[in-house]
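Coordinate-derived values only; no laboratory data. A quick note: this is a predicted structure, and the numbers were derived from the prediction, not measured. Virtual Cβ from ideal backbone geometry, glycine too; neighbours counted across all protein chains shown.
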Amino acid sequence: MISFLLKKITSLIITLLVSTGVIFILIEVVPGDPVAFMMGLSGSTDAADALRLELGLNVGPWDRYFDWVSGMVNGNFGISYTYRVPVVELIRERALVSVPLTIYALLLSTVIAIPAGLISATRRGSLVDTSFMGFAQLGVAIPNFWFAILLVLFFSTTLKLFSASGFPGWDAGFFICLKALTLPAISLALPQAAILSRVMRSSVLDVMNEDYIRTARAKGLSKKQALFRHGLRNAMIPVLTILGLQFSFLLAGGIIIESVFSLPGLGRLVFQSIIQRDLIVVKSIVTLLVFSVVTITFIVDLLYAAVDPRLREGNS
Amino acid sequence: MKHFSISFIVGGGLSVLFLMGALLSFFWTPYDVELLNIKGKFASPGLEHLMGTDHFGRDILSMVMVGTRNAIAVSLIAVGIGATIGVPLGLWAAATCMNGSRLIDELLMRGNDLIFAFPSLLLAILITAVFGPSIINAIIAIGIFNIPVFARISRGAALSIWPKEYISAARVAGKGVSRISYEHILPNILNLLIVQATIQFSIAIIAEASLSYVGLGSQPPNPSLGRMLNEAQTMIFFAPWLAYFPGGVIVALVLGFNLMGDGIRDLLDPKLRQKSITGKVSNDAS
Amino acid sequence: MTLLKVKDFSLSINDEIILHNINMEIKAGKVLAIVGESGSGKSMMSSAIINLLPQGAKLKGKILLNNDNLLDKSEREMCLHRMNDLGMIFQEPMTALNPLETIGTQIMEAIKLTNPKIRYKDLLKKAELILERVEMDKNRFPLNTYPHKLSGGQRQRVVIAIALSQNPKLLIADEPTTALDVTTQAKIMKLLMKLVKDYGIGIILVSHDLAVVADLADHIVIMRKGKVVEQGDTKTFFKSMKHSYSKQLFDAAKHKLYEKNITVGSEVLLEVLNLTKEYNLANKKPLKAVNNVSFTLNRGENLGLVGESGCGKSTLARCILGLEKFSKGKIHIAGRPFYGQKELRRCINVVFQDPFGSFNPRHTVERLVAEPFYVLKKPLTTFEKRVKVLRMLKLVGLGDGDLKKYPHEFSGGQRQRIAIARALITEPDIILLDESTSALDVIIRTQILDLLRDLTKKLGISYLFISHDLTTVKNITNRVLVMKDGVIVEEGLTAEIYKNPKHHYTKSLIEASPDITRAIKSKEENNNENTL
């Protein structure tokens, strides 16, 4: 168990270090002179020199990389070039929109997909199964931002149930905010739910053919009992993998959906920063997102071990 | 013995339809896609303009045709990049893994994990942030994301083939690792790769649309389905057809390829084919 | 008293007839054996009794449990019968247990189903007791053990424990020992027989091997292609059987003896010297899969290598074939050190076990059989290759028309013929037969052994026959090596060793291996004792 944990933690740290390296190289080394890139044609020489100093470009890339990483470990992500505020503050404010949105979408997707997949699998070939899987096919094919536009068209324009865009801020009250996040969360969650329900269905169907289900049936359990007592936990293993991956999709999808609904989240911040060529902010947010993806993968690995005793002992 | 499933027929039909439309756009479109006609702006769908016109009076059908062509081209090239780099990498990793040296396999797979750690869109954003938005960079970004997918799937499939006795027989005949990979492994995982390629293709279509929706894909005046949707968004209240048609085309295209992929899998999957009704592979007398 | 009676029972699945007009009955405290080859429907018969059949199954006739027709029962009533009256053991113990739950949970679940009001303390006690019954030491295997910690034999004991914990009246065992080693098989069978005696339950024993059941069954049913060919009381069955198929099965189980007076040349073809193969394990000392093994194979010799799974015989085979690097020692082929180089490869070839896995499904027979030509220094033309392939196909009993076919168009036995053709195509001096007949049905097995015997003699090839099956090895080799835990524990002339085993492991192997002649003899003796 301990060796398993150690192995996973080492691999987590290595992945994080290497990915920060990749981000650093892409943003600070590849473009050549980041200052010229960030300031474009408009900057004066004085301003350029000031920025150069601020970015710490007077030292070599190794030192810069080291300073950057150690700064992040201490919670110091630098100061935004456009907004002139610490990046940490910017991110904190925006994360208060993005993180709840992602979690909301993930919950929605799970709550829809797991029962749908389960019902489809247990009633394989029935009308319910066929129509669920038909919806799933359609759901997989719909780009989430287009779905978002359709939702706005229907719920905001036609029914006037939700406002088309914007976010009132958490001071306005929990439910008002929740309402503002509902359409974005649905448009994020539905395509993911479609994928997840298909995985759930095939996973349950696979498990139902396993020998241990037959053993359970021979004990006198009914088909349903055997599925719930012995099949479900086994069937959840592949579903867990997909859930982990979905977090990453949802984060990325959030970037676009936030633009559709003009939500002041991390995604919008990234775009604005790209347009304003504020590499300090871009660098920080990308790192943060990668960080959370890697951490989620790590947590999924731990969950595997919690479910599967074979993994706990590291002799897979 | 082989019979085509409904999903294969529907999917294949849709895919062929769109491919034809895209090919046709090379020679003919109802109107010139770059022709502005301010007088005829916001024409609703009708006989003259089957899908209506936009705020510059451009013909939506023509733009959709060219946009589809671009989306298909981007996706094909990106999936091609992913497969041509990913598959050999995966085969190589599996071969080294089966023949003692796990170091290369480990390195390749950690590299894969690293790319997976960047959500695809984020990677694309990073690339375009540095190199500027263009259709080429969109292709590269989607292509890079496809590499680990193909590497992983071909590695996994190859690993399941390597312990088979016919591989041992080939090695007894003195064949080397790369020859075996090419002669014995690749043909036997090809089905899987084809199915995966159709899935990746439809993912790439959506990814291309997403990128161009946020302005990181092909640049104007070259039409793209994603950007058309972005422009439509502000005019959606009085010209909703601007959003309906490009979006509908994306959905139908992706749906078509997915259904076709499902159909191909049903046709090719030996697991489904071998499973006779008795649940056992029969071993009849010689 | 009749416990279960199957009357005019037919089964079809999706309109394909699987079982046709089956009649049989079993009394309490007795063992009924259903014997047949693959495709005979014997497994379906056993699943039909407990009514765990694939979807689309249509059943006709009657299955009477204590005069109560099971086919009239609703699914809910069948669940009650499975809980209280019927128990089942399956062929593959490795996957029969839920990997995520402890063995205790899985046994206790079964007990609780039959006895829902049981107190937790009693439940624990009963589970421990049951494990003891199946001879699982509770100190080594406490209730919180997970299945992956157990070997195949141990898992099969747990499956038996689950079945037993519900006090069934009838236990259905579908090939319960086929996936296990002979010594384990003997122990499990002994356990099952003890249970029949102690509890007075009836057992339906399904098997492909007449030799396994001849010793244990009270009544034998021979099945073929979904029909009962012949059945009768074991005591008299072997004398009175009339059907040619039963006789064929019986002959195959008896294994005909081949002539042994062959001349062994003095030329050493293969020499293995102090061969050791170590595997490095994480935080454990290295495992010696093959430990300091030495032997020779002379021209004309038929050498056997016997051992149970995990003894290292396959690793040894892979080393000899140059598929695996070894840690220490030497292998000489034709007097020259062999480490996988191409020019020595043509001296040795191999026939593997699995007739389904040993061919690339995408290549034609012509390409498959011609593959070993790759070792030749001078490449042959396509025409030369085809001529040789055709000649070889004829030798193994296949025709010209098979040249362009793909492997899936052949049956298991035919595929093994193709494998032999591939092994012999470059006219090697040695062929290595790695469990080459283990996956085949008994009658086919005899045919393939005949073919091998004829061909090796005709072509003057020596072979090394590797198997877990003592009876086969006994009949077709003149010298034998016995391997255990990576070490050769005994070596000598086959006849000598079987008559007079020196090592206790060899002894236990010989005793455990099912032998139909011996079984019949012991039945007759029992019979005489009873009548006296």
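Couple of notes before you dig in:
- For chain B, the longest principal axis of the Cα atoms and the long axis of helix B:120-131 meet at an angle of about 70 degrees.
- Sorted by Cβ density within 10 Å, fewest first, the residues C:351, C:293: C:293, C:351
- Average beta-carbon neighbours from other chains, 10 Å sphere, peptide C:96-108: 4
- Angle in degrees between helix C:516-531 and the longest Cα principal axis of chain C, rounded to the nearest 10: 30 degrees
- Ascending count of other beta-carbon atoms within 10 Å, so fewest first, for B:198, C:177, C:114, C:471: C:114, C:471, B:198, C:177
- When you filter the GluC sites (Glu not before Pro) in the stretch C:109-166 for DSSP loop state and at most 16 other Cβ atoms inside 10 Å of their Cβ, you are left with C:135.
- Restricting the stretch B:30-111 to GluC sites (Glu not before Pro) in coil, as DSSP defines it, with at most 14 other Cβ within 10 Å: B:34, B:48
- Value in Å of the Kirkwood radius, where the protein assembly as shown supplies the Cα pairs that are averaged: 34.0 Å
- Shape call, the stretch C:277-325: gyration tensor on alpha carbons, a/c limit 1.5: prolate
- Fewest-first ordering of C:382, B:53 by other beta carbons within 10 Å of each residue's beta carbon gives C:382, B:53.
- Selected from B:138, B:204, B:239 as most flexible by GNM, with chain B as the system and alpha-carbon contacts under 10 Å: B:239
- Relative contact order of the stretch A:93-313, pairs being alpha-carbon contacts under 8 Å that are 6 or more residues apart, as %: 27 percent
- Ratio of Rg to Rh over the stretch C:360-412 (Cα coordinates, Kirkwood Rh, two decimals): 0.97
- 20 Å Cα-Cα threshold exceeded, pairs from A:224/C:7; A:8/C:285; C:342/C:377; A:223/C:42: A:224/C:7; A:8/C:285; A:223/C:42
- Residue-span extension gain [residue C:339 to residue C:58] - 0.36 nm each, minus C-alpha spacing: 95.3 nm
- Among complete DSSP H helices in chain A, those whose alpha-carbon atoms stretch at least 30 Å along the helix's long axis and whose mean Kyte-Doolittle hydropathy reaches -0.5 are A:2-24, A:87-122, A:174-208, A:232-260, A:279-307.
- Angle in degrees between helix C:75-84 and the longest Cα principal axis of chain C, rounded to the nearest 10: 80 degrees
- Translational diffusion of chain C, estimated by Stokes-Einstein from the Kirkwood radius over alpha carbon pairs at 20 °C in a medium of 1.002 mPa s, is 84 µm² per second.
- The helix-based estimate of mean residue ellipticity at 222 nm for chain B, built from -39,500 (n - 2.57) per DSSP H run of four or more residues and divided by its residue count, is -23500 deg cm²/dmol to the nearest 500.
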